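*Asks:* Shown below is the structure under consideration.
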Amino acid sequence: MCRRADLDHLAYRRGLVGKRVGDVATIVTPNGKRELEILKLTTIHDEARKAKARTAPPPAQNSSREDANDLDQRFRSRLRMAS
């Protein structure tokens, strides 16, 4: 037996299928009719990427300068070997 809340969720799902941002969806539920404008669409994957980006550690400072110095040292050692 379906609960009323399950029917409401099913009506929202059906009403939103195929809609795009800017569309107006008419949702008919046991509680009545509602019109909703689609303002933004995201997926679970989009939300997971955003959450991961918020928890990622900040990039190390001066890493580009250290990398440049490291490459410079490697280049100089290769020049010595070639001479």
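The values are calculated or read from the model by the stated rules, or taken from the named source; none is laboratory data. On a predicted model such as this, the values are computed, not experimentally measured, just so you know. Heads up, the Cβs are rebuilt from the backbone with ideal geometry, glycines too, and the neighbour counts pull from every protein chain shown.
*Asks:* Take the conditions of a type in the set (A, V, I, L, M), touching a Lys or Arg at 6+ places or on another chain (Cβ under 9 Å), at pLDDT 85 or above and loosely packed, with under 10 Cβ neighbours inside 10 Å and apply them to Val21. Does it pass?
*Replies:* yes
*Asks:* If you don't mind, there's one more thing I want to ask. So Arg54 ticks every box in (1) modelled with pLDDT under 80; (2) part of a helix (DSSP H, G or I) but one. Which box is left unticked?
*Replies:* Every listed condition holds for Arg54 apart from (1).
*Asks:* Something else now. Report, ordered by the first and then the second residue, all pairs with beta carbons closer than 7 Å, sequence separation of six or more or different chains, a first member in the range 38-52 that is within 16 Å of Val17 (Cβ to Cβ), and a second member that is modelled with pLDDT of 85 or more and outside any loop (DSSP other than H, G, I, E, B).
*Replies:* Taking only residues 6 or more apart or on different chains, the pairs are Ile38/Ala25.
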